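> This is the structure I have questions about; it appears just below.
A short reminder: the numbers here are calculations on the coordinates, not readings from a lab. Here the structure is a predicted model, which means the values were calculated and not measured. When we count neighbours, we look across all protein chains shown, and the Cβ atoms used for this are built from the backbone with ideal geometry, even at glycine.
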């Protein structure tokens, strides 16, 4: 038991799943990642924000799928052969939601030490700083670390929870 406590006290690294959207590399904490699946057919849901592409049936559960590029106001994600869906568990202010995000390509799982994470820039970013944990420094590149719980607004969570989702056939 004491070794567990000392390990958590000295562990300043967190693992992040990195992925590509356009020319940028983004990352989410692996604690939020449930699985990665192949991009496939989505069922549209009426009256959803444009960034919610639809839903999928994942082992009997209905999972909404979000296009992060659209959520960030950058247009639709280009679907290609490496496009996939990252299934995440999102918790925010007591509300829990399983959601998928469409990414152009998954890159790697990386450990980023706390000292290599800078606060989000207060200017020049096309992504609201509320959505960001910070900027991870990797060799000669920066990785945008996303707070996935904040990417979905509470209004979006309530809209998804109250939506009449289509039943599986």
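> With r defined as the distance between the Cβ atoms of residue 47 and residue 20 and R0 fixed at 30 Å, what FRET efficiency is calculated, to the nearest 0.05?
Efficiency at R0 = 30 Å is approximately 0.50.
> In nanometres, what is the gap between the two model label sites at residue 35 and residue 116, each 7 Å from Cα along Cα-to-Cβ?
In this crude label model, residue 35 to residue 116 measures out at 3.0 nm.
> Return 67, 147, 116 ranked ascending by Cβ neighbour count within 10 Å, so the fewest neighbours appear first.
Going from sparsest to densest Cβ surroundings: 116, 147, 67.
> May I ask you to sort 20, 51 by Cβ crowding, counting other Cβ atoms within 10 Å and putting the fewest first?
Ordered from fewest to most neighbouring Cβ atoms within 10 Å, 20, 51 come out as 20, 51.
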